[in-house]
Amino acid sequence: MSARARRGPSRPRGSPRRTTRRRSSPGKVALAVIGCLIAMGFGALAGGAHVSARLLQDQVRSARQALKELDGKHRELEQERARLETERGMEMEARRAGFVRPGEVLLQIPR
């Protein structure tokens, strides 16, 4: 039997090809279901990334607020350092700590 005889009668050129509906195999169906599940997983990951980005934005906002507060504290400490570097500032701090100049007597008055 020739190859042409096995294929069936030939059709005229240009005529529409007759198609038959093929049944899906269980393997293809399972593959499609697995593909859908993977796609849903990626969607969940993308949603999780959105939540993570929101949390990071909140952390950045909090860090910026903390930085502003620390900048203010830094300015105060710089001013105190500048005061303590002066002769008068050093003397005031030394007296607060209980030091006296040579020849002076420290008097403490009980409260």
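List, please: which pairs have Cβ atoms under 8 Å, are six or more places apart or on different chains, and start with a residue in segment 89-111 that is within 30 Å of GLU78 (Cβ to Cβ) and without any contact (Cβ under 8 Å) to a residue 12 or more places away in the chain and end with one that is assigned to a helix (DSSP H, G or I) and of a type in the set (A, V, I, L, M)? Sorted first by the residue in segment 89-111, then by its partner, the pairs are MET90/LEU84; GLU93/LEU84.
Criterion first (at pLDDT 90 or above and either surrounded by fewer than 10 Cβ atoms within 10 Å (Cβ to Cβ) or under 49 Å from the mean Cα position of the chain (by Cα) (or both)) does GLU91 satisfy it? Criteria not met by GLU91.
With respect to the conditions (1) at pLDDT 90 or above; (2) surrounded by 10 or more Cβ atoms within 10 Å (Cβ to Cβ); (3) assigned to a helix (DSSP H, G or I), PHE99 falls short on a single one, namely (3).
Applying the set (1) open to solvent by 80 Å² or more (accessible area, probe 1.4 Å); (2) at pLDDT 80 or above to VAL60 leaves exactly one unmet item: (1). Taking only pairs six or more apart or across chains, which ones have beta-carbon atoms under 9 Å, a first residue in segment 18-35 that is loosely packed, with under 10 Cβ neighbours inside 10 Å, and a second residue that is modelled with pLDDT under 65? So the pair list comes out as ARG18/ARG11.
The values are calculated or read from the model by the stated rules, or taken from the named source; none is laboratory data. Since the model is a prediction, treat every value here as computed from it, not as a measurement. When we count neighbours, we look across all protein chains shown, and the Cβ atoms used for this are built from the backbone with ideal geometry, even at glycine. Heavy atoms of the whole protein, side chains included, go into the accessibility calculation; ligands, DNA and RNA do not. Shrake-Rupley method; radii C 1.70, N 1.55, O 1.52, S 1.80 Å.
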